[in-house]
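Peer 1: Quick one: structure below, then a few questions.
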Protein chains: 2
Amino acid sequence: MDVLLTYDIADTSKSGAARLRRLSAVCERYGQRIQFSVFQFRFSPTRLARLISEVEDVIDHQQDSVILYRFPDNIEKFANHLGRPQQKGLGEPWMV
Amino acid sequence: MDVLLTYDIADTSKSGAARLRRLSAVCERYGQRIQFSVFQFRFSPTRLARLISEVEDVIDHQQDSVILYRFPDNIEKFANHLGRPQQKGLGEPWMV
């Protein structure tokens, strides 16, 4: 399943900046950053449930907003990219 | 059709800040901001094509990234909201 995550973390305070770092670290363990506050994932429903639970542990539920969007098929079938190309698509080999 | 737009504008320069303002103004004419760099739209394929053309006029195609995601049904069927609730959903009446 392909999933997109967008976030707004109230990072003007020290604690907000810490939450931002922790959220990024969690998301980077599950998928790939495609824009500053947007991540993309390709994983099972079980891993999605684990990601959600880890994100819920990190964010401030009054100040921060995180939205996950589940796609019924390959996310690229629903996407139009304008401007700078995305560094790497999901499923493309990592250049190591 | 429900559409999500996410953007990364290289706004460290004066011209970047101007592009950011112009992109926001374009998006606000077609839909609703739901997070700092995320907009949601509910409109026809024709209006999507016009939005894309206006966005292409505004952005720097080397530096900026804009991605639009088309949803096959009501976007809320695909979304999980964590933390701060979204100010207003698409299609909900505006409180005036």
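Peer 1: Report yes if residue B:15 is away from chain A (no Cβ under 13 Å) and at pLDDT 95 or above, otherwise no. Step through it out loud before you land on a result.
Peer 2: Details: away from chain A (no Cβ under 13 Å): yes; at pLDDT 95 or above: no.
So residue B:15 fails the test.
Peer 1: Of these, B:18, B:49, B:25, which one is assigned to a helix (DSSP H, G or I), over 20 Å from residue A:71 (Cβ atoms), more than 14 Å from the chain's Cα centre (by Cα) and among the hydrophobic types (A, V, I, L, M, F, W, C)? Please lay out each step first, then the result.
Peer 2: Details: B:49 fails: more than 14 Å from the chain's Cα centre (by Cα); B:25 fails: more than 14 Å from the chain's Cα centre (by Cα).
One residue alone meets the criteria, B:18.
Peer 1: For region A:1-23, enumerate the residues that are closer than 20 Å to residue B:8 by Cα and crowded, with 16+ Cβ neighbours inside 10 Å. Talk me through it step by step, then tell me what you get.
Peer 2: Here is the first cut: in region A:1-23, the ones closer than 20 Å to residue B:8 by Cα are A:3-12, A:17, A:20-21, A:23.
Passing the criteria: A:3, A:4, A:5, A:6, A:7, A:8, A:9, A:10, A:11, A:20, A:23.
Peer 1: Next question, about the same structure. Does residue A:69 satisfy the condition of being among the aromatic types (Phe, Trp, Tyr) and more than 18 Å from residue B:66 (Cα to Cα)? Spell out how you get there, then give the answer.
Peer 2: Values: among the aromatic types (Phe, Trp, Tyr): yes; more than 18 Å from residue B:66 (Cα to Cα): no.
In short, no.
Peer 1: What is the one condition in (1) part of a helix (DSSP H, G or I); (2) touching a Ser or Thr at 6+ places or on another chain (Cβ under 6 Å) that residue A:7 does not satisfy?
Peer 2: The single condition residue A:7 does not satisfy is (1).
Residues checked against (1) hydrophobic (A, V, I, L, M, F, W, C); (2) exposed (fewer than 15 other Cβ atoms within 10 Å of the Cβ); (3) without any contact (Cβ under 8 Å) to a residue 24 or more places away in the chain; (4) not in a helix (DSSP H, G or I):
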{"position": "A:29", "(1), (2), (3), (4)": "no, yes, yes, no"}
{"position": "A:34", "(1), (2), (3), (4)": "yes, no, no, yes"}
{"position": "A:39", "(1), (2), (3), (4)": "yes, no, no, yes"}
{"position": "A:53", "(1), (2), (3), (4)": "no, yes, yes, no"}
{"position": "A:57", "(1), (2), (3), (4)": "no, yes, yes, no"}
{"position": "A:69", "(1), (2), (3), (4)": "no, no, no, yes"}
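Peer 1: Restricting attention to region A:37-87, report how many residues are modelled with pLDDT of 95 or more and more than 8 Å from chain B (Cβ to nearest Cβ).
Peer 2: The number of residues fulfilling the criteria is 21.
The values are calculated or read from the model by the stated rules, or taken from the named source; none is laboratory data. For clarity, every value in this text was computed on a predicted model and none was experimentally measured. Backbone-built Cβ (ideal geometry, glycine too); neighbour counts: all protein chains shown.
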